[in-house]
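This report concerns only the one structure given below.
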Amino acid sequence: MSKPQNPVQMAVIGAAHGIKGELRVKTFTGDPLALADYGPLYARDGRAFQIIDIRPANTVVVVRFKGVSDRNAAEALAGTELFVDRSMLPDDGEEDEFYHADLIGLEVWDDTGTVLGKVVAVHNFGGGDILDVTLAGRKGVLIPFTQAAVPEVSIAEGFVRVNQAAAGLIEDEDGEAPREEGFDPKGRPRGPRDAGGNR
């Protein structure tokens, strides 16, 4: 397969690990070891990377790529983002599972169907997925990607519907955005569909 036409980011290469060319890699898959299941991974410039060994190491995986055999070669790859084509990813997830790449670019609607803005990124800082939304007249806001804050997602129609109160977009009488009660970071399990980030 050549360079992905519809790339989905699967991982980013970190620091070299040891002296034999191994690298620490941060994955965006539900199971970090599943990174090896998608075949060759591609950099933005089209370079292909084939995993020949992978093992867990705390919050990352340690990977040996074909053709990378020493620390100097490994260090030169630090920061390289790795992608596969969207067609390589399965479409058999649960109804409330979504690829991050599919969410980016969706319009954000309120309860009346009014367009509030657009999803520009999806983040996860350890407490659950968060939608980075650019709203008209604002630089951007972060909305928890929970059932309460985002009760409807329609990839086919190109929108997510938000509950403005649960999403913290409207202020209460004290001028503060209400906090979402019972925030459950596992409220929308993703499994291997955590793959995210498009170009």
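The values are calculated or read from the model by the stated rules, or taken from the named source; none is laboratory data. If you're wondering where the values come from, they're calculated on a predicted model, not measured in any experiment. Ideal geometry is used to build each Cβ from the backbone, glycine not excepted, and the neighbour counts take in all protein chains shown. The protein model used for the area step is the full one, side chains on, heavy atoms only, and it has no ligands, DNA or RNA in it. Shrake-Rupley method; radii C 1.70, N 1.55, O 1.52, S 1.80 Å.
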ask   = Given the structure, is D91 modelled with pLDDT under 95, open to solvent by 50 Å² or more (accessible area, probe 1.4 Å) and closer than 28 Å to A165 by Cβ?
value = no
task = Mind listing whichever residues of region 49-60 are within 10 Å of E22 (Cα to Cα) and either among the β-branched types (V, I, T) or surrounded by 13 or more Cβ atoms within 10 Å (Cβ to Cβ) (or both)?
result = I54
ask   = Quick one: is I143 more than 22 Å from A34 (Cβ to Cβ) and open to solvent by less than 30 Å² (accessible area, probe 1.4 Å)?
value = yes
inquiry  = Please verify whether G46 is exposed (fewer than 13 other Cβ atoms within 10 Å of the Cβ) and out of contact with any helix residue (DSSP H, G or I) (no Cβ under 7 Å at 6 or more places or on another chain), treating the condition exactly as stated.
reply    = yes
remark   = Only one of F28, F49 is modelled with pLDDT of 95 or more and closer than 26 Å to L103 by Cβ, namely F49
Qualifying residues in region 67-87 (those that are part of a strand (DSSP E or B) and open to solvent by less than 40 Å² (accessible area, probe 1.4 Å)) - the one farthest from Q50 (Cα to Cα) = D85
inquiry  = Suppose the filter is farther than 25 Å from F98 by Cβ, surrounded by fewer than 20 Cβ atoms within 10 Å (Cβ to Cβ) and either over 23 Å from the mean Cα position of the chain (by Cα) or modelled with pLDDT under 90 (or both); does N6 pass it?
reply    = no
ask   = What strands (runs of 3 or more DSSP E) completely inside region 99-194 contain at least 1 residues that are of a type in the set (K, R), modelled with pLDDT of 65 or more and within 20 Å of the chain's Cα centre (by Cα)?
value = 115-124, 159-161
query = Within region 60-73, is there a residue that is closer than 29 Å to Q147 by Cβ and modelled with pLDDT under 90?
reply = no
message = With the requirement that a residue be of a type in the set (S, T, Y) and part of a strand (DSSP E or B), what does region 10-39 give you?
response = T27
